[in-house]
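The values are calculated or read from the model by the stated rules, or taken from the named source; none is laboratory data. Since the model is a prediction, treat every value here as computed from it, not as a measurement. Neighbour counts are summed over all protein chains in view; Cβ atoms, including those assigned to glycine, are modelled from backbone coordinates with ideal geometry.
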Amino acid sequence: MRAGFRGNIIVPGDAGYDAARAVFWKNPLTDRRPAVIARCAGEEDVARAIELAVEQQVPLAVRGGGHSFVGWGTCDDGVVIDTSAMNAVSIDPAARIARAGAGVPTRELVAAAAPYGLVPVVGQCPGVGLAGFILGGGLGWLSGSHGAACDHLVSAEVVSADGRRLVASATEHSDLFWALRGGGGNFGVATTLTCRLYPVASVTAGTISFPLADARRAIRAFADLMEGAPDELQARAVLTRDGQPAVHINVCWTGEPGQAGGILRPLRGLGAPVRDTVQPLAAFGDTFAMSGGGVPRTYTAVKGSYLERLSPEAIDLIVDRLAEAPGSGAAIGLDHYMHGAVCRVPADATAFELRTANAVHIWVSAGWDAPGDGPASTGWIDATWEALQAHAAGRVYTNFPAAEGDEAARAAYRDNYSRLASVKRTYDPTNVFQRNHNLRS
């Protein structure tokens, strides 16, 4: 395996093994010990790593930024394809196109495009890997004005289960191109992605925080604001118990700067906030500095869910469940409010069909430091997730997973499931790529 491999092969016993196997969310579920970590330098390395896993009949995981809630970027006793070194970026400002390696973090793509006055459609977390983000659909601050990240994918270079190097676009392997835009990592390893960029003239953004005692009122105001929001506004709300317990409402406005005050008046009219940092930003990349509150912990676990609508009953449930958390490291985030351009794309135009207006993608997390506190923390997450399912319409965002298995995959893909399974049969008939919302071909 090492002979001719341009990247690095890391195995148990190597000095950097524990650092190399670590993923972003550290907890008992994600603390895995792979047999081989293949830190690939290019598609030839990727093909060799796939071949090794197939020959040895061991699990195969693919990792970019390592942000999977459920640890799909790692595995026990198998092969991990680590694409973090595949991080080259090129910008064509005239065509407004970016070409980026699978391991590029979103912050680096934003930084590369910034000198040209252009912005990619990316998520809110700076360290998330570009490939996993786009393959899962991809929601962020520009979803209202420009749609999902997958809507702006021009092409993807992919290594398939049998080692072929494919280009998927509207004119080449169009069935695979459709499936890659929201179908997750079911079909191969995306090594390079080409996506469109957009000019964003101005950004007004920041955080308005309210005491946790006012959580119901603040979240209802957030829901009312977003239900009629212009495309140029996106916001999220995060409820935390760490430090000064609060509801943090992060907002991003890409319309005329002078209109921001009027747009946000309903929030500011609630009363004096704990904090209000909303202001014009020098660059879109400064949005990454917005915080949802909270203090870093040794261990963190998180599950994703979905709200068909941010109803008064759902709001009460969220506030009540946070109050019952066993420790101060608990948080609940209403991360992506569905409205605007992302909801105007037909559900079958891409594999990402979860585009219902006024729905909200949500995460439930808990952090702890003492290993003994883990069971209570993860138990609270599980119970909260179960309670939320009464409002979830049986759905989940591909990038916010909570469970494995066919039921979870159908919750992610629903009406597109059968078509996706057909593409799976074509490009991965033996199900080499299983660490995802796995399709049963």
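Quick notes on this structure:
- Enumeration of residues in region 315-348 that are buried (at least 16 other Cβ atoms within 10 Å of the Cβ) and not hydrophobic (A, V, I, L, M, F, W, C): ARG321, GLY327, SER328, GLY329, GLY333, ASP335, HIS336, TYR337, HIS339, GLY340
- Here VAL396, VAL423 are screened, and the one residue that is surrounded by 13 or more Cβ atoms within 10 Å (Cβ to Cβ) and closer than 13 Å to ASN438 by Cα is VAL423.
So that you can scan it fast, the table gives a plain yes or no per residue for (1) touching a Lys or Arg at 6+ places or on another chain (Cβ under 6 Å); (2) closer than 19 Å to ASN416 by Cα; (3) at pLDDT 95 or above:
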residue: ARG164; (1), (2), (3): no, no, yes
residue: ALA170; (1), (2), (3): no, yes, yes
residue: THR191; (1), (2), (3): no, no, yes
residue: THR194; (1), (2), (3): yes, no, yes
residue: VAL203; (1), (2), (3): no, no, yes
residue: PHE210; (1), (2), (3): no, no, yes
residue: ASP214; (1), (2), (3): no, no, yes
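- Checklist (1) part of a loop (DSSP other than H, G, I, E, B); (2) not assigned by TED's automatic domain parsing to the domain that holds ASP242 applied to ALA349, failing item: (2)
- VAL360 being surrounded by 21 or more Cβ atoms within 10 Å (Cβ to Cβ), without any contact (Cβ under 8 Å) to a residue 60 or more places away in the chain and in contact with a Phe, Trp or Tyr (Cβ under 6 Å, 6 or more places away or on another chain): yes
- Consider region 298-335 and keep the residues that are of a type in the set (D, E, K, R) and outside any loop (DSSP other than H, G, I, E, B). The one that is modelled with the lowest pLDDT is ASP335.
- Summed over region 192-205, residues that are of a type outside the set (Lys, Arg) and closer than 19 Å to TRP178 by Cβ total 4.
- Condition check for ASP231: surrounded by fewer than 23 Cβ atoms within 10 Å (Cβ to Cβ) and under 29 Å from VAL23 (Cβ atoms): no
- Within region 340-354, residues that are among the hydroxyl-bearing types (Ser, Thr, Tyr) reach partners that are in a loop (DSSP other than H, G, I, E, B) with beta carbons closer than 6 Å, at six or more positions or on different chains, in the pairs THR350/ARG181; THR350/GLY182.
- Residues that are under 19 Å from the mean Cα position of the chain (by Cα) and either among the small types (Gly, Ala, Ser) or modelled with pLDDT under 95 (or both) within region 58-94 comprise ALA61, GLY64, GLY65, GLY66, SER68, GLY71, GLY73, SER84, listed in sequence order.
- Looking only at residues in region 17-53 that are aliphatic (A, V, I, L, M) and touching a helix residue (DSSP H, G or I) at 6+ places or on another chain (Cβ under 9 Å), the one that is surrounded by the fewest Cβ atoms within 10 Å (Cβ to Cβ) is LEU29.
- Residue check, GLU108 assigned to a helix (DSSP H, G or I), of a type outside the set (A, V, I, L, M, F, W, C) and touching a residue at least 12 places away in the same chain (Cβ under 8 Å): yes
- The single condition among (1) crowded, with 19+ Cβ neighbours inside 10 Å; (2) at negative phi that PRO211 does not satisfy is (1).
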